[in-house]
1. Look through A:139, A:165 and report the one residue that is surrounded by fewer than 22 Cβ atoms within 10 Å (Cβ to Cβ), at pLDDT 85 or above, more than 14 Å from chain B (Cβ to nearest Cβ) and farther than 22 Å from residue A:267 by Cβ.
2. Would you confirm, using the coordinates I've provided, whether residue A:162 is assigned by TED's automatic domain parsing to the domain that holds residue A:259, part of a helix (DSSP H, G or I) and at negative phi?
3. What is the number of the single condition among (1) at negative phi; (2) at pLDDT 85 or above that residue B:109 does not meet?
4. Identify the residue in segment A:124-136 that is within 11 Å of another protein chain (Cβ to nearest Cβ) and not in a loop (DSSP other than H, G, I, E, B) and, among all such residues, is surrounded by the fewest Cβ atoms within 10 Å (Cβ to Cβ).
5. Taking residue A:212 as the residue in question, decide whether it is within 14 Å of another protein chain (Cβ to nearest Cβ), crowded, with 24+ Cβ neighbours inside 10 Å, in contact with a helix residue (DSSP H, G or I) (Cβ under 8 Å, 6 or more places away or on another chain) and closer than 19 Å to residue A:257 by Cβ.
6. Consider only pairs whose beta carbons are under 9 Å apart and that are at least six residues apart or on different chains; among these, list those whose first residue lies in segment B:176-187 and is within 7 Å of another protein chain (Cβ to nearest Cβ) and modelled with pLDDT of 90 or more and whose second residue is surrounded by fewer than 18 Cβ atoms within 10 Å (Cβ to Cβ) and assigned to a helix (DSSP H, G or I).
7. Regarding residue B:153, is this residue more than 7 Å from chain A (Cβ to nearest Cβ) and free of Cβ contacts under 8 Å to residues at least 24 places away in the same chain?
8. Evaluate the following for residue A:225: is it modelled with pLDDT of 85 or more, part of a helix (DSSP H, G or I), surrounded by 22 or more Cβ atoms within 10 Å (Cβ to Cβ) and over 16 Å from the mean Cα position of the chain (by Cα)?
């Protein structure tokens, strides 16, 4: 009878389940009668179990005391596993390797492997039959990478590996990180794989540790996914945690995510996907638009409903298009077209005229508003396009602490919206209310036409932005979306309820049918309002009013 | 019933942990219905782990009963740390080891007790029963407990190591040795 290891364990689990007696009635009876079993938790140490000493005869007291001591030791061990290194003699660093298999090596000061742990099922494959205990770290790394290559987890299509080093001594950790990154790079090269290596040195972090445990990934992968998700809030942590490092790396780079603290060499393979150029060609062909008629085009890799997709957004003078193309099959998954509005005072038959503001002027306005010098900022995006009848510059730039997104009116130089994201795991900073927002198409009031008389750009100081009164009250806007305050303002405008007088029940950002929307619920004068607002465009997708519940 | 073999995913473990944590909070308020819920999703793991330490179905059953009474009466002292299963299994471990001490004065399982009699329901698959008998009969104490925890709970190797008070490396190598041992034994038996 040849059972696989997996079948063996399934069989064992079934056997135990079938044999498990039903003691529930007895338990309930005992509990109901106030029976207790002498297991007490020591209040000072959560979840430490001690056993009562009084029941033990004198000669057994010492033994009972040992229980207390050993229970405390378990706690120390448990805590130690999560918070530090000193509890195990010789443990100096934890090194994890993530491809999709996630493997963690505990390493001594002498760079010998104390233990190798498979953190997911794929890693079980890699470690199967491999005994790495007491093996030199270099040898172990060779064996692991060799096994990943052999099992096809690293290939020309998936060439990216993440190496994370945890060490209490940051300098030592960084040195080990660099050495391992070089070593893995050269192992990949010698196996004719043009590899990409991401590497980082980490300090322990309770929040990340918890996420790592929750999703069965290494602390290192949790940190990388956190970096991606915190800067691109439309992505879901659970979905990203399941992706390979190669896919995560492609998303990081396509979304121009700031890779703070992560060293990078080589380029993640995109050969499994059709590429941005082909995705654009497919979308344009589908829309019947020729490239020469484009006013703008922007393409980004994304992850939607369990697959990698290209989001292609483009505009002609007549319409704005949004396409979602399957990154593997090139199938068109979603397409939306919206005609461009033409305000009455258009002085040009090709559509609304872009304002006179140059890109450099727009950048200067944004930088001045952000309080940054040109030299301190790195621009990752500067595009001019028309949105809801207004020509604007979308500017995204970074300094060492933050990522900034500004929308600047090309006619007036006004900042229409801006958003600052604190990098490095800090809380997002909500955008200050913009001096003027984009006209909302769903509002009862028609959008105010861009001022044609104002040709000179307004100075940034003329767009004062008062600090929010309660920044914690509403979630920050995600890059590329309107803020919660704006969503509330849109709902207020439509319902004619003064924003200051409504009683907000909930403003929440959620995904509906793949579209990020704000759900804004509030009451006013005995009526309950419920708005669904497109978080990208500010359009009101649905609204409802009802008699408010008495409370 | 908690049967999280290695094939089942972490999301399931997570769900069970979340449910257990929720139940513990309610049990702390005296909610007996929550105890029933907790029992329903943990009983096989609790019994299997007790059996792997004690090797005697009757003793395992007694410890199982005491465990749930202990969990209920101590629910208020549980601090939610996302690892309720590890907490419950620590109680199983302690009660089972106490019982071993009481009976034999040592930490070793009850003498060389025979593999459990086939008390299980008549429809129980013969092969499954054979596997359980083999696990209880031929594996060393640590091996048996490690394999049982791995097969029945969503615990990771490092959590198993903490629970059994063994170094992680020992748990990993014993786990890797135990499964081929079982495979070979079953092959020969066949």
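The values are calculated or read from the model by the stated rules, or taken from the named source; none is laboratory data. Not measured: the values here are computed from a predicted model. Cβ placement follows ideal geometry from the backbone for every residue including glycine, while neighbour counts extend to all protein chains displayed.
1. Values: A:165 fails: surrounded by fewer than 22 Cβ atoms within 10 Å (Cβ to Cβ).
Only one candidate qualifies: A:139.
2. Details: assigned by TED's automatic domain parsing to the domain that holds residue A:259: yes; part of a helix (DSSP H, G or I): no; at negative phi: yes.
Taking the combined requirement at face value, the residue does not satisfy it.
3. Tallying (1) at negative phi; (2) at pLDDT 85 or above, residue B:109 fails exactly one: (2).
4. Within segment A:124-136, the match that is surrounded by the fewest Cβ atoms within 10 Å (Cβ to Cβ) is A:124.
5. Numbers: within 14 Å of another protein chain (Cβ to nearest Cβ): yes; crowded, with 24+ Cβ neighbours inside 10 Å: yes; in contact with a helix residue (DSSP H, G or I) (Cβ under 8 Å, 6 or more places away or on another chain): yes; closer than 19 Å to residue A:257 by Cβ: no.
The answer is no for residue A:212.
6. What qualifies is B:182/B:138.
7. Details: more than 7 Å from chain A (Cβ to nearest Cβ): yes; free of Cβ contacts under 8 Å to residues at least 24 places away in the same chain: no.
Judged against the criteria, residue B:153 is not a match.
8. Values: modelled with pLDDT of 85 or more: yes; part of a helix (DSSP H, G or I): yes; surrounded by 22 or more Cβ atoms within 10 Å (Cβ to Cβ): yes; over 16 Å from the mean Cα position of the chain (by Cα): no.
So residue A:225 does not fit the description; no.
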